[in-house]
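Here is the structure we will look at, set down as structure tokens.
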Amino acid sequence: LLAEAGDIDALCARGLDLLSAPPQYRNYEEGMRCLHKAAEAGMALANYNIGVMLRDGYSGEKDLVGALRYFDEAAAGGYPMAKRNAGIMRINGEGCPVNQAAGYRLLFEAAKIGDYPSLVVIGRMHLRGIYFKQDTVEGAAWLLLAHKVGLIEGSIALARLRESHEAEETMAIIEKAEERIP
């Protein structure tokens with residue numbers, strides 16, 4: 001009833017319910033209609049979820065250009081996960097030309113406003129030499145920071161880093177990484 005009355009929170013929730021319901025109750029068209037209405041009213045979460053639907057091909061076909069457009073709208077509305085997804089898409093050239101500088105800026109903004117998975121992405125960029133010169137210590141610092149804020153993915157990434165180096169070398173990397181974290 002709230003959704004029918006135009007409550008944007010209820011519209012967004014109704015849209016997500018219809019899109020994630022068991023298959024016999026799922027209604028893609030009505031779910032997307034509800035999300036679009038909430039997005040038009042300025043709800044960043046609705047824009048983000050439309051982006052996810054388009055990126056992942058919930059309709060049966062992926063629309064990466066459209067997904068990026070909706071992630072950008074949600075990012076402009078301050079939605080951290082949208083900044084991360086738009087950043088990753090730009091780094092990988094999904095739905096747009098590759099632009100690692102813009103992608104990194106979005107990831108950094110997302111991390112600053114509490115999207116801790118962005119810390120892991122940035123750490124991996126340093127470890128792999130994506131956009132930056134490859135730097136194991138800098139990558140470890142970002143992963144260590146993710147670990148310290150309680151993100152399990154940060155802990156797992158640090159464990160993988162430990163597995164790829166000898167014990168003494170790992171200790172030296174972690175000690176240097178600790179020094180880089182304010």
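Here is a list: Tyr25, Tyr58. Which entry is open to solvent by 70 Å² or more (accessible area, probe 1.4 Å), touching a residue at least 12 places away in the same chain (Cβ under 8 Å) and either at positive phi or not basic (Lys, Arg) (or both)?
Tyr58
Between residues in the stretch 145-169 that are of a type outside the set (S, T, N, Q) and residues that are assigned to a loop (DSSP other than H, G, I, E, B), which pairs lie under 6 Å by C-beta distance while being six or more apart or on different chains?
The qualifying pairs are Leu145/Ile181; Ala146/Tyr116; Val149/Tyr116; Leu151/Tyr116.
Sort out for me the helices (runs of 4 or more DSSP H) sitting completely within the stretch 96-182 that have 1 or more residues that are touching a Lys or Arg at 6+ places or on another chain (Cβ under 6 Å) and of a type in the set (Phe, Trp, Tyr).
Here the list is empty.
Anything in the stretch 127-163 that is open to solvent by 80 Å² or more (accessible area, probe 1.4 Å) and either in contact with a His (Cβ under 9 Å, 6 or more places away or on another chain) or on the phi < 0 side of the Ramachandran plot (or both)? List them, or say none.
Scanning the stretch 127-163 gives Arg128, Lys133, Gln134, His147, Lys148, Ile152, Glu153, Arg160, Arg162, Glu163.
A quick yes/no check of all residues on (1) under 30 Å from Val120 (Cα atoms); (2) open to solvent by 50 Å² or more (accessible area, probe 1.4 Å):
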{"residue": "Gly6", "(1), (2)": "no, no"}
{"residue": "Ala41", "(1), (2)": "no, yes"}
{"residue": "Ala46", "(1), (2)": "yes, no"}
{"residue": "Val65", "(1), (2)": "yes, yes"}
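Take the stretch 32-80 and flag every residue that is closer than 22 Å to Ser118 by Cβ and of a type in the set (Phe, Trp, Tyr).
Residues satisfying the conditions are Tyr48, Tyr70, Phe71, Tyr79.
Under the condition of being under 14 Å from the mean Cα position of the chain (by Cα) and of a type in the set (Val, Ile, Thr), which residue from the stretch 80-125 is surrounded by the fewest Cβ atoms within 10 Å (Cβ to Cβ)?
Once the filter is applied, the top-ranked residue is Ile113.
The values are calculated or read from the model by the stated rules, or taken from the named source; none is laboratory data. No experiment lies behind these values; they were computed from the predicted model shown. Methodologically, a virtual Cβ is constructed for each residue, glycine included, from the backbone with ideal geometry; neighbour enumeration extends over all protein chains shown. The accessibility values were calculated without ligands, DNA or RNA, using every heavy atom of the protein model including side chains. Shrake-Rupley method; radii C 1.70, N 1.55, O 1.52, S 1.80 Å.
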